[in-house]
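Q: Provided herewith is a single structure, encoded as structure tokens, for subsequent inquiry.
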Amino acid sequence: MNPPENTENSDPLDILLQEQNHYIEDAGFTARVLTSLPQSSRRSWLRPVLLVSVSLAGLFLFISWLPWQSLPSLDGPPLSWIDSKVFLPWLMALTVLASLVWGMVAASQLED
């Protein structure tokens, strides 16, 4: 560890900080940065609403157009799940359902 240097503060910035000034003069830099920042949008609610409504429409289409009668029955023994003829259609249906639900949850948690 280095020993403390001379106790005299010759640096003007250190002097300003020791005086506990809350604002250091920056020749208008802070004001220019704040004015150049984009303004918050008045339509910040539009994106989540659109995403949730599109996800709900996709969920409705998924439920109404899925050929429920052609899906394999789940009444068989547990070993039948290993068979791809039983497992794959249900896996695809659950994947689509999970992605739609995930989209709705993500859209409802958006922060701007």
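Q: In the range 55-75, how many residues are under 30 Å from the mean Cα position of the chain (by Cα) and not in a helix (DSSP H, G or I)?
A: Matching residues across the range 55-75 total 1.
Q: Another question about this same structure. Cβ-Cβ under 9 Å, sequence separation 6+ or interchain: first residue in the range 84-101 and among the β-branched types (Val, Ile, Thr) and at pLDDT 85 or above, partner outside any helix (DSSP H, G or I) and loosely packed, with under 13 Cβ neighbours inside 10 Å. Which pairs?
A: Close Cβ pairs satisfying both conditions: none exist.
Q: Might you check whether a residue that is at pLDDT below 85 and assigned to a helix (DSSP H, G or I) occurs anywhere in the range 32-47?
A: From the range 32-47, those at pLDDT below 85 are 38-47; that's our starting set.
Then drop every residue that is not assigned to a helix (DSSP H, G or I), which leaves 46-47.
Yes, the range 32-47 contains at least one residue that is at pLDDT below 85 and assigned to a helix (DSSP H, G or I).
Q: Of all residues in the range 48-68, count the ones that are farther than 20 Å from Val105 by Cα and modelled with pLDDT of 80 or more.
A: 4
Q: Residue pairs, Cβ under 6 Å, 6 or more apart or interchain, first in the range 38-60 and under 29 Å from Thr95 (Cβ atoms), second outside any helix (DSSP H, G or I). List them.
A: Sorted first by the residue in the range 38-60, then by its partner, the pairs are Pro48/Leu110.
The values are calculated or read from the model by the stated rules, or taken from the named source; none is laboratory data. Keep in mind that this is a model prediction, so the values were computed, not measured. When we count neighbours, we look across all protein chains shown, and the Cβ atoms used for this are built from the backbone with ideal geometry, even at glycine.
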